Amino acid sequence: MRILVCLLSLVIAVTCLAMAAPKPAVVQRPQDWTVDVQYEQLQQIMLRPEQGGQPVRFWYLILTVTNNTGDDVEFYPQCELMTDTFEIIPAGRGVSPEVFENIKTRHRGMYPFLESLDPSGMRILQGQDNTRDIAIIWPDFDMQAKQVSLFVAGLSNETIVVDYPAAEEDGEPTKVFLRKTLELDYKFSGDPAFRAEPKMTFAGMSWIMR
């Protein structure tokens, strides 16, 4: 019970902070950059474990990134899936290389050079010829969830530091570092028992500071 209360408090705090935080700049500063991004909608894939048993569900997003910023940039990704049931899942957690290989095979016609997300960083060279297609993968989430948000940070170097009054250090509000982040929102409907054929609706895309 204590763990649930702590988790709920954390999610509420993060949500309140996000609501109070500034939005990304309409016109970026000269030193700021944001790569161009296209994406496929959230999809699922089922894999049967090698040792047998029931198939395991994974979710993935294919992101196409093109660098037209004028300079080569470093993509240090932080990708999370968050449900309306207070579940936050980092990309890649519990995901074996076999999952990516199956996704790559599924999409080899359209994305012959599909790459797996590298959490340690990826260099994105300038120009259309250096466009990179990247698969971001998550394990299955709470079947009771009705809304899911995907957050992809690292596609821009735009940052800001804000005060977080709820947490103080030496009597001063704690400073919180926010990055410009891509948010993709989805809604689910229907019986969770039939997640194999989910009624999923894309609810919108936005850039936020998170």
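The values are calculated or read from the model by the stated rules, or taken from the named source; none is laboratory data. Treat the numbers as computed from the prediction; the structure is a model and nothing was measured. Every residue, glycine as well, gets a Cβ built from its backbone with ideal geometry; the counts of neighbours run over all protein chains shown.
Would region 97-111 turn up any residue that is closer than 25 Å to ILE208 by Cβ and in contact with a Ser or Thr (Cβ under 9 Å, 6 or more places away or on another chain)? No: zero hits. Sub-6 Å Cβ pairs linking a first residue in region 124-138 that is closer than 14 Å to LEU63 by Cα to a second residue that is surrounded by fewer than 22 Cβ atoms within 10 Å (Cβ to Cβ) and among the small types (Gly, Ala, Ser), at least 6 apart or interchain, are ALA135/SER116, ordered by first then second residue.
Criterion applied to PHE58, PHE75, PHE86 was being of a type in the set (Phe, Trp, Tyr), closer than 20 Å to LEU184 by Cβ and in contact with a Gly (Cβ under 8 Å, 6 or more places away or on another chain), and the one residue passing it is PHE75. Return the residues of region 144-164 that are touching a Lys or Arg at 6+ places or on another chain (Cβ under 7 Å), farther than 12 Å from ALA91 by Cβ and surrounded by 15 or more Cβ atoms within 10 Å (Cβ to Cβ); say none if nothing qualifies. Listed by number, the residues that qualify are SER156, GLU158. Every condition in (1) modelled with pLDDT under 95; (2) assigned to a loop (DSSP other than H, G, I, E, B) holds for VAL162 except the one numbered (2).
In region 181-210, which residue that is of a type in the set (Asp, Glu) and in a loop (DSSP other than H, G, I, E, B) is modelled with the highest pLDDT? The qualifying residue modelled with the highest pLDDT is ASP191.
Answer yes if at least one residue in region 54-65 is closer than 25 Å to ALA145 by Cα and free of Cβ contacts under 8 Å to residues at least 60 places away in the same chain, and no otherwise.
To start, the set of residues in region 54-65 that are closer than 25 Å to ALA145 by Cα comprises 54-63.
Restricting the remaining residues to those that are free of Cβ contacts under 8 Å to residues at least 60 places away in the same chain gives 54-55.
Checked region 54-65: at least one residue is closer than 25 Å to ALA145 by Cα and free of Cβ contacts under 8 Å to residues at least 60 places away in the same chain.
Scanning region 55-74 for residues that are assigned to a strand (DSSP E or B) and under 19 Å from LYS104 (Cβ atoms) gives VAL56, ARG57, PHE58, TRP59, TYR60, LEU61, ILE62, LEU63, THR64, VAL65.
Checked against (1) modelled with pLDDT of 95 or more; (2) in a loop (DSSP other than H, G, I, E, B), PRO49 meets all criteria but (1). GLU101 fulfils the conditions (1) in a helix (DSSP H, G or I); (2) under 21 Å from VAL152 (Cα atoms); (3) not hydrophobic (A, V, I, L, M, F, W, C) except for a single criterion, (2).
For first residues located in region 103-119 and β-branched (Val, Ile, Thr), partners that are assigned to a loop (DSSP other than H, G, I, E, B) and lie 6+ apart or on another chain with Cβ distances below 8 Å form the pairs ILE103/LEU114.
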